[in-house]
Amino acid sequence: MSKERTDRPRQSEGVRAFKRGLDVLHEVNRSGGIRAGDLARALDLPRPTVYRLLETLEELGYVARSASDDRFRVTRRALSLGDGYDPGVVICQAAAPFLAELSKTLVWPVDLSTYENAAMVVQETTHSRSPLSIDRGMIGKRLPMLRTSAGRAYLAACPARERDLIVNHLRRIDEADDRPFLDADRLKCMIAETQARGYAIRSEGEYNPRTASIAVPIVRDGAVFGCISIIWIRSALGIDEAIAQFAAQLREAASAIPVDA
């Protein structure tokens, strides 16, 4: 009898810890990427408890800490418990170390974005680490296809049939800011110039008048897995100087990222 009484509290504590672990995993998955402190506040749990649970989940391979911004995200192993393979999660895990290295040498913030329903969505970023960033809250932000370098890079690199589908979708959405860029001749010229360069530029104040950017696509066997972009303040750097400083390193990183990681 005394043994039963001794075992019950331990069993209850084990169930409580298991539930907390599932709550942590669920919140990491729901958020798309979250820091330990924010996770503790979201779940109203002590920080030491959250850190221990994250360490355990990381050791088991269900979450991974981003090398670029210290956020925890679910891994492919966690995704296999539900719907399975998520290319956005896989590519950001593979790209994070490369973005972290780029941030050391390029200093200006670097983003990784993937295509999702007529927009590029920022999956990974070094904005929080860059001393030159003017916008820290970029994870999950949707970027317009025609007015950002990431969107232009994706459109220029993706197969023609996919490009036509995206452009037709944008025409149906009919955002006022997009209309000038949907002009057939202007769009054709932008695509051709971007394909010839191997990278896309945003330098005339479109989308954000304070900044400019360069983006390169991550392409394997004709499929575009995402785009890497570098963003800087227009008044600090001209486009020609930025191209000379950044384009080659971005292209090298895009070529080196293991998309099947």
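The values are calculated or read from the model by the stated rules, or taken from the named source; none is laboratory data. Keep in mind that this is a model prediction, so the values were computed, not measured. A quick note on method: Cβ atoms are made from the backbone with ideal geometry, for glycine too, and the neighbour counts reach across all protein chains shown. Please note that ligands, DNA and RNA were not included when accessible areas were found on the heavy atoms of the full protein model with its side chains. Shrake-Rupley method; radii C 1.70, N 1.55, O 1.52, S 1.80 Å.
Taking into account only those residues within segment 198-224 that are of a type outside the set (S, T, N, Q) and touching a Ser or Thr at 6+ places or on another chain (Cβ under 7 Å), which is most open to solvent (accessible area, probe 1.4 Å)?
Narrowing segment 198-224 to residues of a type outside the set (S, T, N, Q): 198-202, 204-207, 209-210, 212, 214-224.
Next, only the ones that are touching a Ser or Thr at 6+ places or on another chain (Cβ under 7 Å) stay: 200-202, 207, 212, 214-215.
Numbers: Ala200: 0, Ile201: 40, Arg202: 9, Tyr207: 85, Ala212: 4, Ile214: 0, Ala215: 0 Å².
Filtering segment 198-224 for residues that are of a type outside the set (S, T, N, Q) and touching a Ser or Thr at 6+ places or on another chain (Cβ under 7 Å), the one most open to solvent (accessible area, probe 1.4 Å) comes out as Tyr207.
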Residue within segment 50-66 that is open to solvent by 50 Å² or more (accessible area, probe 1.4 Å), without any contact (Cβ under 8 Å) to a residue 12 or more places away in the chain and closer than 19 Å to Val122 by Cα present: yes
Residues that are touching a helix residue (DSSP H, G or I) at 6+ places or on another chain (Cβ under 6 Å) and not aliphatic (A, V, I, L, M), drawn from segment 179-198: Thr194, Gln195
Filter result for Asp183 (loosely packed, with under 12 Cβ neighbours inside 10 Å and either among the acidic types (Asp, Glu) or farther than 27 Å from Arg251 by Cα (or both)): yes
Close pairs from segment 241-261: first more than 21 Å from Pro97 (Cβ to Cβ) and free of Cβ contacts under 8 Å to residues at least 40 places away in the same chain, partner open to solvent by 10 Å² or more (accessible area, probe 1.4 Å) and hydrophobic (A, V, I, L, M, F, W, C), Cβ under 9 Å, at least 6 apart: Ala242/Trp108; Ala242/Ile201
Matching entry among Ile233, Ile257 (being at pLDDT below 95 and surrounded by fewer than 20 Cβ atoms within 10 Å (Cβ to Cβ)): Ile233
Hey, Ala100 surrounded by 13 or more Cβ atoms within 10 Å (Cβ to Cβ), of a type in the set (A, V, I, L, M, F, W, C) and either farther than 14 Å from Ser229 by Cβ or free of Cβ contacts under 8 Å to residues at least 12 places away in the same chain (or both) or not: yes
Residue that is modelled with the lowest pLDDT [pool: residues in segment 119-154 that are under 23 Å from Asp174 (Cα atoms) and among the small types (Gly, Ala, Ser)]: Gly140
